[in-house]
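Inspection log for the structure reproduced underneath, given as structure tokens.
The values are calculated or read from the model by the stated rules, or taken from the named source; none is laboratory data. The structure presented is a predicted model; accordingly, all values stated were derived computationally and were not measured. No Cβ is skipped: glycine too gets one built from the backbone with ideal geometry, and neighbour counts run over all protein chains shown. Calculation scope for accessible area: heavy atoms of the full protein, side chains included, ligands and nucleic acids excluded. Shrake-Rupley method; radii C 1.70, N 1.55, O 1.52, S 1.80 Å.
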Amino acid sequence: MDRLEPVTIRAGKPDDSAACAQLWGAAIAHRDVGRSAEEIEGRAIGKLGREWAALVVASANDGHIIGFSLLVPEDNDQSVRSAHLSMLAVAPDIQGSGLGTRLLAATQDEARAKGIGQLTLRVLTANTGARRLYEAAGWFLSGQGRFEDTGRAFTGYALTLAGP
Ligand SMILES: CC(C)(COP(=O)(O)OP(=O)(O)OC[C@H]1O[C@@H](n2cnc3c(N)ncnc32)[C@H](O)[C@@H]1OP(=O)(O)O)[C@@H](O)C(=O)NCCC(=O)NCCS
């Protein structure tokens, strides 16, 4: 990780979508051994091509993207604007170095700055590492279910953001 410092965390642009999708493919194929990175990347391109609430990227000293998060709009309940954390990933070779924690904090700050009052996410129940990350950042359990496409069990989390 030191060789990549200083790492910059910044708002993402549409131009960053392809690199983020590629990183997502690599991170999920690393997590779910046996799945095709290309197929996962293809679906990520679709998600990144739709409307965002925010894209936050982390780039290394040479400019290449080493982590990102995507927030997408969620139906609001008329009083609180809310968004859904659709993706959070760090390049496989630097996971466990604290970048996921930094990215999540930056994502929450970005949401707060945009006037979003509530964040939600769904994470694979078996993804205990990621669940610890969200719990350490103060997210609370909001439910459980199964993803419609894969049937795999998920745990829902939510976070209420304090106003400015
Ligand atoms: C989840 C993810 C973004 C975390 O990024 P990261 O840079 O590795 O996270 P950090 O180094 O900040 O770790 C923070 C905490 O998360 C936990 N954690 C994260 N990933 C972990 C892993 N693979 N194994 C064990 N613990 C993990 C640890 O508790 C860690 O706390 P600690 O340092 O006190 O032990 C990264 O592992 C990833 O890209 N995973 C694949 C994509 C994914 O599953 N995303 C989440 C679902 S949307």
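Assorted remarks:
- The peptide list 146-157, 19-30, 92-103, put in order of mean Cβ contacts within 10 Å with the highest first, becomes 19-30, 92-103, 146-157.
- Karplus (6.51, -1.76, 1.60) ³J(HN,Hα), θ = phi - 60°, over the range 144-153, in Hz, Gly and Pro reported as x: 9, x, 10, 4, 4, 6, 10, x, 7, 6
- The mean accessible area for residues of the chain, using a 1.4 Å probe and ignoring ligands and nucleic acids, is 53 Å² per residue.
- What a 1.4 Å probe finds exposed on the range 8-97 is 49% carbon and sulfur by accessible area, rounded to a whole percent.
- Quotient of C-alpha Rg and 2.2 N^0.38 Å, computed over the range 2-160: 0.99
- Near the amide H of PHE154, within less than 5 Å, lie the amide hydrogens of THR125, GLY145, ARG146, PHE147, all on another chain or at least 5 residues away, with H placed in the peptide plane.
- Between GLY12 and LEU55, VAL56, VAL57, the built amide H atoms are under 5 Å apart, and every one of these is 5 or more places off in sequence or on another chain.
- Each Lys and Arg contributes +1 and each Asp and Glu -1, all at the Cβ; summed about the Cα centre of the chain, the dipole is approximately 320 debye.
- Cα gyration tensor shape of the range 91-164, rounded if a/c is under 1.5, else prolate or oblate by comparing a/b with b/c: oblate
- Lys/Arg +1, Asp/Glu -1 at C-beta; the range 1-137 dipole; positive extreme among ALA37, VAL57, ILE116: ILE116
- Distance between the C-alpha centres of the range 22-52 and the range 107-150: 18 Å, rounded to the whole angstrom.
- For the chain, complete DSSP H runs whose alpha carbons reach 20 Å or more along their own long axis and whose mean Kyte-Doolittle score is 0.0 or higher are 17-31.
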